[in-house]
Amino acid sequence: MVIDINNYVPIDLNLIKSNLDIVKLHSNGILCANDDNVYMMVPNYKIDILFDKNYVNSDMFTSFYIEKSYKEAIDVFLNRSKEDDKNYHNIKDINQFLKVYKDCLPDSEETKKFEYDILEVILKETPKERFVSLNNYTDILNQYINEGFDENAVQYIFDIITELAFIERINLIHLLNAVKDSINQPDFDNVEYYDTQYISNNLILSVAKLVNKIYPNIDLFYKIDSFRCRNVIGHGNRVFITFIEFLLYYNDEISKQLPLKSIINFNTKYCKYYKKVFEKYNIDKKIITFDDIFKNGLKKLSLERIASFAAGAFWHDVVKVKELDYLNINKPKYYSKDSTSHAIKGYQFLRYFRNYNNDISLIVGMHHEYYGYGYSVLSNIISTYLKENKTLSPAWLISYYSEDIYSLDSISFFPAKVLEIVDLFDTIVLPQKIYDRQGLDIKGAVEFIYENYVEKEVQIDPILFDLFIQFLIDIRKADIKNPFN
């Protein structure tokens, strides 16, 4: 390998040993050298072998180096002053965090150890330290994109997205405290000063690139036990990865003439469902064609666009702090509003307090819209529009652009309709432990969703759900029949 030693600075082996976890988390690895300038790079996830004589005799090396940017990050953590600790009022402990986020309670001892270890580290950090951590993770993930990809890389991704999920929830708690008590306002100012939004979006793009690199063979994720965790963190991680995976499949099918197939089959397979959707919104459509459904038709998405949409999927339950089962079937009228209100709160938090872009916040705000049967920010947009004595007459049902929703040129946001399906499917197959409900297998879940969310009431998009079923058959190798056929 070619080494530019000018990009590195020396690091003491004893410092590495006494701060092993910090060095592993905040570097891409350690460069070892002997007197003959023979180099060996030890990646971050294998640094432990430097202290295990059965693997490497570290005495054979006389110098150890680390990239300059990573050393600077590590110094931030090692040189934290007592004044920093005094000025920053953090959440005291895990129990205080779980009082707000009961849905984050782990479902097993294994999950508890994995998530609590991560959470304990985060709770000890200041916003500046969290900012530095996330910034370094992006660099490390990008190296995985350019180099090899194995189980260690997948575990590293899983660690990072779990940490990111906890960090934004902690930011929400600080926001709530700042609103309730002006004394805590400096705490939230600290969070804002070291805003993680830009970095988290870069992280999500890097993860999307890595998933794309190994697609369609992403079995490595499902080999991680914690990936099947039945709490809101595990659910969010699975929905996030599945969302990216499904949109990559969607792109492949676009290349295989999915738009043409959808047009050909529209009248026989789908038209009857969309007729019910337009009726639900009291939109007079005597003749419905495929051109009325998707703005500019079904089209391929860039990887950057997939990542932007996936950010909405990642944050979709960020303010889900009550134990609510949002399966919208045979419930009283008030239940629909109460059970999906976290979508509205999530939209408000991400857009108005964290300044996330319209796409991300709108995906969160509409992920329980259910074609008028659920509750979302769309209700308020339509209500305001109708108060002006205007007639609801969208040019298309579904758009890829958030501005079309605000103008009501469309009434459904493409990524939110995808998220509805992925989110619902995961909830039915692996329901969170707090729901005290047995999960269904893939076959049972597909039948359940088709019967209740398509046939009885058209709550999810039929074309996208048809494609999702084919995704389960083609990519997940599910032995099921497609009820649309």
* To do: Could you tell me which of the residues 460, 449 is open to solvent by less than 30 Å² (accessible area, probe 1.4 Å), closer than 30 Å to residue 103 by Cα and in a loop (DSSP other than H, G, I, E, B)?
  => 460
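Could you grab me the full set of residues in segment 160-181 that are at pLDDT 90 or above and acidic (Asp, Glu)?
So in segment 160-181, the residues at pLDDT 90 or above come out as 160-166.
Selection gives 163 alone.
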* Structure fact -> Contact list, first residue from segment 55-67 and within 23 Å of residue 25 (Cβ to Cβ), second anywhere and of a type in the set (Ser, Thr, Tyr) and surrounded by 11 or more Cβ atoms within 10 Å (Cβ to Cβ), beta-carbon distance below 8 Å, six or more apart or interchain, is 65/8; 66/8; 66/27; 67/8; 67/27
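Here is a list: 171, 135, 146. Which entry is under 22 Å from residue 310 (Cβ atoms), open to solvent by 40 Å² or more (accessible area, probe 1.4 Å) and touching a helix residue (DSSP H, G or I) at 6+ places or on another chain (Cβ under 6 Å)?
On the way: 171 fails: open to solvent by 40 Å² or more (accessible area, probe 1.4 Å); 146 fails: touching a helix residue (DSSP H, G or I) at 6+ places or on another chain (Cβ under 6 Å).
None of the other options fit; the residue is 135.
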* Asked: Taking helices (runs of 4 or more DSSP H) that fall entirely within segment 324-374, which contain at least 3 residues that are of a type in the set (Val, Ile, Thr) and either within 16 Å of residue 405 (Cα to Cα) or modelled with pLDDT under 90 (or both)?
  -> 358-365
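Name the one entry in 471, 448 that is closer than 19 Å to residue 245 by Cβ and touching a helix residue (DSSP H, G or I) at 6+ places or on another chain (Cβ under 8 Å).
Working: 448 fails: closer than 19 Å to residue 245 by Cβ.
Going through 471, 448 in turn, just one is closer than 19 Å to residue 245 by Cβ and touching a helix residue (DSSP H, G or I) at 6+ places or on another chain (Cβ under 8 Å): 471.
Residues to consider are 434, 381, 421, 405; find the one that is modelled with pLDDT of 95 or more and out of contact with any strand residue (DSSP E or B) (no Cβ under 6 Å at 6 or more places or on another chain).
On the way: 434 fails: modelled with pLDDT of 95 or more; 381 fails: modelled with pLDDT of 95 or more; 405 fails: out of contact with any strand residue (DSSP E or B) (no Cβ under 6 Å at 6 or more places or on another chain).
Unique residue meeting the criteria: 421.
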* Filtered residues of segment 350-366 (kept if crowded, with 17+ Cβ neighbours inside 10 Å and among the hydroxyl-bearing types (Ser, Thr, Tyr)) -> 356, 361
* List the number of the failed condition for residue 224; all other conditions in (1) crowded, with 18+ Cβ neighbours inside 10 Å; (2) at pLDDT below 95; (3) under 30 Å from residue 150 (Cα atoms); (4) among the hydrophobic types (A, V, I, L, M, F, W, C) hold. => (1)
* Verdict on residue 40 being farther than 14 Å from residue 75 by Cα, among the hydrophobic types (A, V, I, L, M, F, W, C) and open to solvent by 70 Å² or more (accessible area, probe 1.4 Å) -> no
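Let's see how each residue does on (1) open to solvent by 10 Å² or more (accessible area, probe 1.4 Å); (2) aliphatic (A, V, I, L, M); (3) over 15 Å from the mean Cα position of the chain (by Cα); (4) at pLDDT below 85:
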| position | (1), (2), (3), (4) |
| --- | --- |
| 183 | yes, yes, yes, yes |
| 187 | no, no, yes, yes |
| 192 | yes, no, yes, yes |
| 196 | no, no, no, yes |
| 208 | no, yes, no, no |
| 215 | yes, no, yes, no |
* Asked: Within segment 297-307, which residues are open to solvent by 30 Å² or more (accessible area, probe 1.4 Å) and either outside any loop (DSSP other than H, G, I, E, B) or of a type in the set (Lys, Arg) (or both)?
  -> 299, 300, 303, 304, 305
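From the list 237, 267, 231, which one is surrounded by fewer than 15 Cβ atoms within 10 Å (Cβ to Cβ) and either in contact with a His (Cβ under 8 Å, 6 or more places away or on another chain) or more than 19 Å from residue 470 (Cβ to Cβ) (or both)?
On the way: 237 fails: surrounded by fewer than 15 Cβ atoms within 10 Å (Cβ to Cβ); 231 fails: surrounded by fewer than 15 Cβ atoms within 10 Å (Cβ to Cβ).
Matching residue, one of 237, 267, 231: 267.
Please indicate, with yes or no, whether at least one residue in segment 389-401 is of a type outside the set (A, V, I, L, M) and assigned to a helix (DSSP H, G or I). If you could, list the steps in order and put the result at the bottom.
Looking only at segment 389-401, we keep the residues that are of a type outside the set (A, V, I, L, M), and these are 389-391, 393-394, 396, 399-401.
The next check asks that each one be assigned to a helix (DSSP H, G or I); those that pass are none.
Checked against the condition, which is being of a type outside the set (A, V, I, L, M) and assigned to a helix (DSSP H, G or I), segment 389-401 yields no hits at all.
The values are calculated or read from the model by the stated rules, or taken from the named source; none is laboratory data. Everything numeric here is computed off the predicted structure, so don't read it as measured data. In this analysis, Cβ positions are derived from the backbone assuming ideal geometry, glycine residues included, and neighbour counts consider all displayed protein chains. Just the protein is used for accessible areas: all its heavy atoms, side chains included, with ligands, DNA and RNA removed. Shrake-Rupley method; radii C 1.70, N 1.55, O 1.52, S 1.80 Å.
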